[in-house]
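Take a look at the structure below.
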Amino acid sequence: MVTKINTRVVIVRHGLSTYNSQQRIQGRCDESTLTDQGLEQANILGQTISKANFAAIYCSPLQRAKLTAEIIQSKLEKTLPLNISELLMEIDLPLWEGLQKAEVKQKYPEEYAKWKAQPDKFSMTVTKDGQTVEHFPVLALGKQAIEFWQEVLAKHQGETILVVAHNGINRALLTSALGMNPARYQHIQQSNCAVNVLNFTTGWGGAVQLESLNQTVHLGEVAPTPREGQRGLRLLLVRHGETDWNRETRFQGQIDVPLNDNGRLQSQRATSLLENVPIDFAITSSMLRPKETAEIILHKHPQVNLQLEPQLKEINHGLWEGKLEAEIADDYAAELETWRSHPELVQMPEGENLQDVWSRAIAAWNKIVAQVEIRDDRLTTGLVVAHDAVNKVILCHLMGLTPADFWKIKQGNGAVSIIDYPRGQEGICVLQSVNITSHLSGSIFDQTAAGAL
């Protein structure tokens, strides 16, 4: 359980580049630079994070990332030099660089299919030092990301740092830090000038928490706008607004605690965030606090009927429910310490364990995905409102993690996560964003209550 942030890392991708706009593969080619839109994105991002107390800035040497970093650097209230790191170079795709994606699909159909479906097994035959070798781009990038973490985290204990890099290396930084399999490389989105936040409790190898993934609200986007004719399924996973018990660090579990005034305000702000997002259906945990959150959000979508799903109820804490964390520490000290460090091992007294929650929550999620009728003319979007523990296990599942990784995921009250299934029930899901909370405070950092579940 992440109780104390030692090193906070803000990871951003460069602004829109010329090759991005031309749908060309960039890799380590340095011919691509920022477009006018990319320059504007970098300026907006710089203004958004200008007050953050960064101790250092690291960036890739490639010009599209370096220029983005320089623009951000110029906006910061604190003067900092740029640390150029070769370990932040983009993924190496030498046979594809400069080609349009359509050309790659046509010239390398089998390789491109493997790149999308099995990136960890995707390889290129290249010449290196006069020898023909098999190059595995994603696996090599993962090793590069780990080397960056090992080098940089040791230098910045107790500090906040900014990393400005690229789509591929950012994915590798995130997946390696969180312990995700490289096979999940294509499962996470990195938009131009989006913000990710990782919290480390120690250096490399210690506990880590994904505070947020791919925030783009500062750029005027909740999530990437669906392309014309894009089909599939998009699910908006929301945690309920704050309750008094969240604020008090009192374990609520399946006790039906209502939202407090701040929780209703958070729900209203989530309503504003999602106001212009088409919503086709809505499902909520049957408990009062998520149900009220969903009803507030749906004020702007009166045509949508709200369905109740009991399997999305919060974890049953048994005899811990209604108690403050300090009270549980007095009566169940050993169990609480295990809950903080190895949550997968804890059986709540007269309650559930994490595997119980995992089994029912994932079953409910899979049922939602399987039962949705995908529209032929546009993306089908659903709202799902649940709880901290439930949302965490769903996101762990989608990231290929286990109950032991429960504390790696942050879910703030009123936070929004966005998951796409581009091929509907078939194929992989894509995490577009995780734990968006900027609509609640205006900050890229989650400032919601850190109370008990």
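Read the figures in this text as sums done on the coordinates, not as results from a lab. The shown structure was predicted, so the numbers you read here are calculated from the model rather than taken from an experiment. Cβ: placed from backbone, ideal geometry, glycine included. Neighbour counts: every protein chain shown.
Starting from the Cα of LEU308, step 7 Å along the direction of its Cβ; do the same at LEU265; then give the gap between the two resulting points in nm.
3.0
So how much slack lies between GLU275 and ALA154, counting 0.36 nm per residue of separation and subtracting their Cα-Cα distance, in nm?
Numbers: separation 121, 0.36 × 121 = 43.56 nm, distance 4.32 nm.
Length gained between GLU275 and ALA154: 39.2 nm.
What does the net charge come to around PHE445 if you take all other residues with beta carbon closer than 9 Å to its beta carbon, with K and R at +1 and D and E at -1?
On the way: positive: ARG8; negative: GLU211, ASP446.
Result for the neighbourhood of PHE445: -1.
GLU31 to GLN131: extension gain in nm, 0.36 nm per residue of separation minus the Cα-Cα distance?
Values: separation 100, 0.36 × 100 = 36.00 nm, distance 2.67 nm.
Difference between extended and current length: 33.3 nm.
How large is Rg over Rh for the stretch 217-328, taking Rg from the Cα atoms and Rh as the Kirkwood inverse mean of 1/r across Cα pairs? The partial results should precede the final answer.
Values: Rg = 16.2 Å, Rh = 15.6 Å.
Radius of gyration relative to Kirkwood radius: 1.04.
Name the longest site-free stretch of the chain, where the excluded sites are GluC sites (Glu not before Pro) in a DSSP loop with no more than 16 other beta-carbon atoms within 10 Å. Spell out each step's value before the answer.
Numbers: sites that count: GLU31, GLU77, GLU159, GLU221, GLU228, GLU275, GLU350, GLU373.
With GluC sites (Glu not before Pro) excluded where exposed in loops, the chain gives 78-158 as its longest stretch.
Kindly state, to the nearest 0.05, the FRET efficiency for GLN23 paired with GLN425, given R0 = 30 Å and r defined as their beta-carbon distance. All intermediate terms of the calculation are to be shown ahead of the outcome.
Working: r = 27 Å, r/R0 = 0.91.
Calculated transfer efficiency: 0.65.
Rounded to the nearest 0.05, what FRET efficiency do LEU319 and ASP92 have when you use their Cβ-Cβ distance and R0 = 56 Å?
On the way: r = 55 Å, r/R0 = 0.98.
The computed FRET efficiency comes out at 0.55.
Could you tell me how many degrees, from 0 to 90 and to the nearest 10, lie between the Cα long axis of helix 261-274 and the main elongation axis, the longest principal axis, of the Cα atoms of the chain?
Long axis of 261-274 versus the principal axis of the chain: about 40 degrees.
Let me have the 222 nm mean residue ellipticity of the chain computed from DSSP H runs of 4+ only, each contributing -39500 (n - 2.57), with the sum over all residues rounded to the nearest 500.
-10000 deg cm²/dmol
Compute the orientation-averaged projected area for the stretch 1-76 from the convex hull of its Cα atoms and round it to one decimal in nm². Mind dumping the intermediate values first?
Working: hull surface 25.6 nm².
Averaging across all directions leaves 6.4 nm² for the Cα convex hull.
Angle between the Cα long axis of helix 354-371 and the longest principal axis of the chain, 0 to 90 degrees, nearest 10?
70
Using 7 Å Cα-to-Cβ label points, what is the LYS121/SER443 separation (nm, one decimal)?
Distance between label points: 4.5 nm.
Run the numbers for ALA334 and GLU248: contour at 0.36 nm per residue of separation, minus the present Cα-Cα distance, in nm.
Result for the pair: 28.8 nm of gain on full extension.
Can you give me the angle between helix 288-297 and the longest principal axis of the chain, using Cα atoms only, in degrees from 0 to 90, rounded to the nearest 10?
50
How far apart, in nm, are the 7 Å Cα→Cβ label points at ASN53 and GLU344?
Taking the simple label geometry, ASN53 and GLU344 are separated by 3.6 nm.
Please report how far the C-alpha centroid of the stretch 205-253 lies from that of the stretch 163-189, rounded to the nearest whole angstrom.
Each part's Cα centre sits 18 Å from the other's.
Considering only Cα-Cα distances, which of the following residue pairs are longer than 19 Å: LYS291/LYS313; LYS313/LYS392; LYS121/LYS143; LYS313/LYS408; LYS51/LYS78; LYS291/LYS410?
Numbers: LYS291/LYS313 11 Å; LYS313/LYS392 13 Å; LYS121/LYS143 15 Å; LYS313/LYS408 21 Å; LYS51/LYS78 8 Å; LYS291/LYS410 21 Å.
Where the Cα-Cα span goes over 19 Å, the pairs concerned are LYS313/LYS408; LYS291/LYS410.
Within the stretch 136-156, name every residue whose backbone N is under 19 Å away from a label modeled 7 Å from Cα of TYR112 along the Cβ vector.
Of the residues in the stretch 136-156, 137-138 have backbone N under 19 Å from the label point off TYR112.
For the stretch 106-119, take each phi angle, set θ = phi - 60°, evaluate the Karplus expression 6.51 cos²θ - 1.76 cosθ + 1.60, and give the result in whole Hz per residue in order, putting x for glycine and proline.
Running phi through 6.51 cos²θ - 1.76 cosθ + 1.60 with θ = phi - 60° gives 6, 7, 10, x, 5, 5, 5, 4, 5, 4, 7, 8, 9, x Hz.
How big, on average over all directions, is the shadow cast by the Cα convex hull of the stretch 233-441, in nm²? Please list the in-between numbers first.
On the way: hull surface 43.8 nm².
Averaged projected hull area, Cα only: 10.9 nm².
Is the stretch 351-453 best put as rounded, prolate or oblate by its Cα gyration tensor, with a ≥ b ≥ c the root eigenvalues, rounded for a/c under 1.5, and otherwise prolate when a/b is larger than b/c, oblate when not? Display every interim value, and only then the final one.
Numbers: a/c = 2.08, a/b = 1.23, b/c = 1.69.
Cα axes put the stretch 351-453 in the oblate bin.
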